[in-house]
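Rule-based calculations on the coordinates, nothing more; no lab input. Values in this document were obtained by computation on a predicted structure and should not be read as measured data. A quick note on method: Cβ atoms are made from the backbone with ideal geometry, for glycine too, and the neighbour counts reach across all protein chains shown.
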C-alpha cells in the first residue's frame with residue numbers, strides 16, 4: 001500500500017518522472033491522473049464543472065460532475081480506439097469559455113440542461129485524454145487515472161463553491177472567478 005501512495009505522490013509532485021517511467025509507476029494510472037490535473041485548459045474546465053454544480057445546489061452537486069465523468073469516459077474510449085472527433089482542441093478551449101460564462105451568469109438552469117451542457121464538452125476532454133494516452137500505458141489503468149483525476153478536480157470545484165457560499169459576498173466572488181475563467185478561455189481561443 002505504501003508503494004502505491006508513494007507512487008501517487010511522486011507522480012503528483014514530479015510529473016516528469018511519471019511520464020518517463022510510466023510502466024514502472026503502475027502502467028498508466030499516474031499518467032492518466034496527471035493529464036487532467038496538469039493540463040491548464042482541462043483543469044479550468046473541470047473545476048468550473050464542480051463550481052457550477054455547487055452554484056446549482058441540490059442533486060446537481062453530484063449529478064452534473066458525474067455526467068461529465070461518465071461522458072468523458074465514452075470520449076476517452078473513442079480517443080483510445082483512434083476514432084476521430086472534429087475540432088477536439090477547439091471544443092476543449094470553448095468549454096473553458098462557455099463554463100466560465102455559465103459561472104459568471106449564475107443562472108440556475110434545469111439539472112438536465114446542465115448535464116447535457118457539461119456532457120457535450122466532456123466528449124472532447126475524454127477524447128483528448130484517450131488520444132494522448134502514452135504508448136506504454138495500460139488502457140484500463142490510464143482511464144482509471146484520468147477518471148480519478150477528473151473527479152478530484154470536480155470535488156475541488158464543489159468545495160470552492162461550497163466554501164465561497166459561506167462568505168458574505170461569496171456568490172459575487174464565484175461570478176468573478178467565472179468571468180476570469182471565461183477571459184482565459186477567450187484568450188485560449190484566439191491564441
Handout entry: Neighbour-count ranking [beta-carbon atoms within 10 angstrom, fewest first] of 34, 191
Key = 191, 34
Practice task
Fewest Cβ neighbours within 10 Å first, please rank 162, 142, 176 accordingly.
Solution key: 176, 162, 142
Exercise for the section: Quick one: compute the contact order of the range 28-190, relative version, from alpha carbon pairs under 8 angstrom and 6+ residues apart, as a percent. Expected result: 44
Exercise for the section: Please find the FRET efficiency linking residue 108 to residue 81, where r is the Cβ-Cβ separation and R0 is fixed at 45 Å, and quote it to the nearest 0.05. Expected result: 0.75
Problem - Rough spin-label spacing in nm, given labels placed 7 Å along Cα→Cβ, for residue 169 and residue 156 - result: 2.6
